[in-house]
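Asker: Got a structure here, written out as structure tokens. Questions coming.
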Amino acid sequence: MLLNLLVFGLVGMVLSWNHQHERTKAILIADNYGRVLEENMARFIEKVDLTLLAVIDEIHRQEVAGGIDRAALDHFLARHDARLPEALGLRVIDSNGIVVHAVTNAGPNPRISIADREHFITPRDHPEQGLYISSPIVGRLVSAPMIILARPRLPVNGKFAGTVHVALTVESLARMFASIDIGENGSVGLWNDRLTLVARHSPLSGPTSGINTPSQALRDLVATNAPPQYYETVSGVDGLTRIFFYRKVAHWPLHLVVGVSSKDYLAGWRREANYLVGLAIVFLVASVGASLVIQRTMMELVRSRIDADEARRRSDLVLASVGDGICGIDLDGKVTFINAGARRMLGWADDFGIGQVLHEQTHHHHADGTPYLIEDCPIRQVMDHKSGSLVLRVEDEVYWRADGSNFPVEYSTAPLIERGRIVGAVNIFRDISERRAAQAMMEWNLATTEALANCLRHSLGGRSLAEVLDAALAELLDLPWLSLEARGAVFVRDGGWLTMVAQRNLPDQICQGCQRVAIGQCLCGTAATGSVVFADHVDHRHTFGFDGMDDHGHYCVPIQAEGRVLGVLNTYVAPGHRQDAKEQRFLEMFADTLAGIIMRKRAEQTLQESEALAKALMNATIDAAMLFDRDGNLLAVNESLAARFGKAPKDLIGTNFFALLPQSLADSRRQLLDQVWTSGQPQHVIDERQGRIFDNRIHPVADDRGKVRQVAVFSRDITEQRSAARAIEKAMDDLARSNAELEQFAYVASHDLRQPLRMISSYLALVERKLGPDLPADIRDFLNFAVGGAKRMDALILALLEYSRVGRGDGKLQPISLAAPLADAMENLAPAINEGQARIALPDRPAEVAGDHIELTRLFQNLIGNAIKYRSPDRAPVIDVAWEEVGDGFWQVSVADNGMGIAAEDRERAFWIFQRLVQNDTVEGTGIGLAVCRKIVQHHGGRIWIESTPGQGSTFLFTLPAATVRPPEQAG
């Protein structure tokens, strides 16, 4: 009977202890899972919120810079949307609730209105709330339950400008929850402050979102904003009883509950209980049967002993079937019985243990490694307790195995009582290594998440990239659970080099020698090619060293993003340090975080430079520039405008522009600007007031739908310009009148001067004829000189008359073929061509220009005539006339000869009036022919120049407009 009671007592103790253990483990699992999910959910929402703030900042930057650049904003949205693969896409909504920009996973987003939606109305009416998280809704484009995370957009003047939001499907949230194993009957639920189920995951069927039936226990916890804690209740969603662990998600209006069902966490315990109880019943039946046989006959004593042995064997079978370690000890601490589970955990052989002192064999220790004195051992305390009712449960201690290794245990010990006195104790223990490892992994995950989050927080302020990387490096090296030395560096890639931008505790020689490292050089440069480099001591790969450098090792981890290496994280380890995969994985995660920081800081720097450039360009103009909204509130101004009002630009931002003007002027400007708002067309107005003149150009700034959202005004003070223009107009009128008078004078003078010259020539001829043969030779020479001078004077007057006539026609240039004036010029020059035996090559392709036939004939005649006149004395003249289209609507004509040539210093002077390059009388000329040529070409809108080699010949080139460029009705 005593043996039966012992067996049932042991079974009951094991089952009770295991039941409590499984329940405690379930609470711990729910707590750990809840903590991990709450951290992940909080980080995810924070990431979404940072993305929304970044989009709002970019929109504000573009608006202040002069208007939304749709292509640039779409690219910005797409880049940030790619960092939120869980989301349906980023959307920008205007103040009327219209989606104006969108990047969605569902394809192009039409322009729809969400003005009636809760996630638009609440941020609009209560912008002070910041990030708004909606209850589950069904989308208009994606027919699936989702929640919306939205932030209001507020311009400088504080007026609501719309929202930016991200849509998350309930299914995507449920997938986050599905990453943990909560059992076949468990559940994870996310509720909001309104006690609406936001998202839920459970292997069982049931609602996933949108219902409002939380349990009363959950209602109380949400209402009191309770701290994390567990509770057991019936689920308000599917009616199952579970142990739930409740956590609020950071400071967001969300509440997470992780539930584990007794059907799952007690499943193993039930199987074990059924098995143990079955064995105990079998043992009881066998033992009762044996007792009856003993009472009937002493003759069957042997059989009863056999039955007792069988019962004992079955008792041993019960003990052996239990997975936990069970052993009994006597008052001397010696083992009296032990099961197979205990032998397996302690590493004892089948024939070892009975009679051994348990405390000495297991080296019983506290969790921190300090040993128990045998008199302080909990098992000894149970046996020494006088009442015999003390049962102790110890949750965190260490047992040692036979091979010298150890393992963490939790155990229960109870006294063995026979006939009212304690004869020993029973110790039931369990190896909790796996649970400890799982808990350590969860703690590591949380510590990792916290470290990376702290690293990200450093980047959110206004500090420089170097300051952020230095703080992040300090954060990394201070982590107690990493086996790193407290020194390291961060390098950022610059072309083909790595530049050290942050370092901790490195010697000066390293800081100087490794300030710049070439890609591919040393360990850091090798890591910059894209792979982690590990060294456990200073080896041949360390291309830089110095006398006295201590031995050490490294993890050199590339900082990569979007397929590009942005830099290298260099950490130091002690020599002989073993490469650890878990340690390396964390460093890679940390490097990924640094990559995000580098990209963010570079984007911020680009944004700042862009804003600085926009500000510089805005202030570089002499115009007073401003940007304001429909109400006239100034969004941006430059220094020129601020100077007009005697204020600093920052003092004008946010003020109302119309309030700065006199009332009458403000009213007229409002009317003008109303036209811009309504028509969307720019306006130009000249404003004269208080003795000043302003040229105002008003440009609408429209959104992608063409609706005017802002107006930019550029106002230039043109008072001095207008005065100068009037002075120039008067001077031009005076000049035109003077030129007309001069031309008239030249024309009249040419006629009037020729008359006395003809009289002089005639009377000299009469004198020569009168005297006849009696005229002395020297007097005859004098008369010839006088007559020659008069003739040259007459030629000069004729040339001057020709020069004055250029451009004095009707002023209209007609489409003509160049071949026609060239042919007329050739006909006029026929005697000179024959006399000089000149060979002239003419173009065979047509060319049509806008020109004056008579002037172009004179142009060709002068150029070809000069080529014949100024020919080389030792060869016959060869002249080549050609033309070609040169683009921009012009023909280029060339007249090349093999004559005397013109020195470089004389080529410009050749076109001056009355300038003769040949100073003797062997060649006739007035020095005005090329001046006439230039005037004709300029009258046609072209230019003329000379290319020449003295002694070999010259080429005269000029351009004429094509006929298609200057039609007759527009020529002149």
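Throughout, read-outs are computed from the coordinates displayed, never taken from laboratory work. Because the structure is predicted, anything quoted here is derived from the model rather than measured. Methodologically, a virtual Cβ is constructed for each residue, glycine included, from the backbone with ideal geometry; neighbour enumeration extends over all protein chains shown.
Asker: If I take R0 = 51 Å and measure r between the Cβ atoms of Gln721 and Ala841 in this structure, what FRET efficiency does the formula 1/(1 + (r/R0)^6) give, to the nearest 0.05? Display every interim value, and only then the final one.
Answerer: Numbers: r = 53 Å, r/R0 = 1.05.
It comes out at approximately 0.45.
Asker: Now for a different question. State which entries of Lys334/Lys386; Lys601/Lys707; Lys791/Lys812; Lys812/Lys869; Lys770/Lys791; Lys47/Lys707 exceed 30 angstrom in Cα-Cα distance in the structure shown.
Answerer: Beyond 30 Å between Cα atoms: Lys601/Lys707; Lys791/Lys812; Lys812/Lys869; Lys47/Lys707.
Asker: What is the Cα centroid distance between the range 877-907 and the range 209-227, reported in whole angstrom?
Answerer: Taking the Cα centre of the range 209-227 as reference, the centre of the range 877-907 is 97 Å away.
Asker: Kindly rank 349-359, 202-212 from highest to lowest mean number of other beta carbons found within 10 Å of each residue.
Answerer: Working: 349-359: 13.5, 202-212: 15.5.
Ranked by mean Cβ neighbours within 10 Å, highest first: 202-212, 349-359.
Asker: If you don't mind, there's one more thing I want to ask. Excluding Ala867 itself, calculate the net charge of residues whose Cβ lies under 12 Å from the Cβ of Ala867, where each Lys or Arg counts +1 and each Asp or Glu counts -1.
Answerer: That works out to +1.
Asker: Just add up the charged neighbours of Asn225: K/R +1, D/E -1, any other residue whose Cβ is under 13 Å from the Cβ of Asn225.
Answerer: Here the charged neighbours net out to +1.
Asker: Within a Cβ distance under 12 Å of Ser215, other residues only, what is the Lys/Arg minus Asp/Glu net charge?
Answerer: On the way: positive: Arg219, Arg242; negative: Asp220, Glu232, Asp238.
Result for the neighbourhood of Ser215: -1.
Asker: Let me ask you something else. Using per-residue counts of other Cβ atoms within 10 Å, averaged over each peptide, order 232-238, 400-406 from highest down.
Answerer: On the way: 232-238: 17.1, 400-406: 12.0.
My ranking of the peptides, most packed first, is 232-238, 400-406.
Asker: Would you kindly derive the ³J(HN,Hα) couplings of the range 931-946 from the backbone phi angles with the Karplus curve 6.51 cos²θ - 1.76 cosθ + 1.60 (θ = phi - 60°), listing them in order in whole Hz, with x for Gly and Pro?
Answerer: Those phi angles translate into 5, 5, 4, 4, 5, 5, 4, 5, 4, 8, x, x, 9, 9, 8, 10 Hz.
Asker: Order these peptides, 183-192, 79-88, by their mean beta-carbon neighbour count within 10 angstrom, highest first.
Answerer: 183-192, 79-88
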